[in-house]
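The values are calculated or read from the model by the stated rules, or taken from the named source; none is laboratory data. Just so it is clear, the structure is predicted and the values come from calculations on it, not from any experiment. Backbone-built Cβ (ideal geometry, glycine too); neighbour counts: all protein chains shown.
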Amino acid sequence: MKRHMAILALLVGTLLVISSCKTMSRADLTAEMDAWVGQTKQALVEKWGKPAETVSDLHGGEIVRYYRLAGGYATINPNEKINGRDRHRNVIVQTLYINQDGIIYRAFWRQQ
C-alpha cells in the first residue's frame with residue numbers, strides 16, 4: 001500500500017510540473033508584453049530578474065532584452081552554446097524600452 005501511495009504521489013507531482021510548463025500562444029505573449037507598458041523597471045526586474053542585455057535607447061533611457069525558450073518559461077543566456085551551436089532555435093526575444101524615469105514605454109516580442 002505504501003508503495004502505491006508513493007507512486008501515486010510521484011505521478012501527481014509529475015503532472016503538476018508538466019502542467020506548469022505550458023506553452024504560451026502568440027496572443028498570450030502579446031498581452032503579457034502589453035501589460036508591462038506603464039510599469040516600472042523595478043517591477044520588471046523583481047518579476048523576471050536581471051535582463052540578458054541592456055543598451056541605451058538614445059533618449060536617456062534604455063532598452064532591455066530577455067531571452068527564453070519558446071516552449072516554456074526558462075530564461076536563457078543568448079550567448080550560451082548548445083551542441084556547438086551559437087544560437088538557440090525557438091527562442092523568444094522580449095524587448096522593453098524604459099524611459100529616464102524608469103517607466104516602460106514600449107514592449108514587444110519576436111521569435112528567432
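Got a sec? Which helices (runs of 4 or more DSSP H) wholly within the stretch 1-96 have at least 3 residues that are at pLDDT 70 or above?
Values: elements: 2-20, 26-36, 41-48.
The helices (runs of 4 or more DSSP H) meeting that bar are 26-36, 41-48.
Could you run through the stretch 33-56 and say how many residues are under 15 Å from TYR67 (Cβ atoms) and either without any contact (Cβ under 8 Å) to a residue 24 or more places away in the chain or surrounded by 12 or more Cβ atoms within 10 Å (Cβ to Cβ) (or both)? Please lay out each step first, then the result.
From the stretch 33-56, those under 15 Å from TYR67 (Cβ atoms) are 33, 44, 48-55; that's our starting set.
Going one step further and asking which of them are either without any contact (Cβ under 8 Å) to a residue 24 or more places away in the chain or surrounded by 12 or more Cβ atoms within 10 Å (Cβ to Cβ) (or both), we end up with 33, 44, 48, 50-55.
The number of residues fulfilling the criteria is 9.
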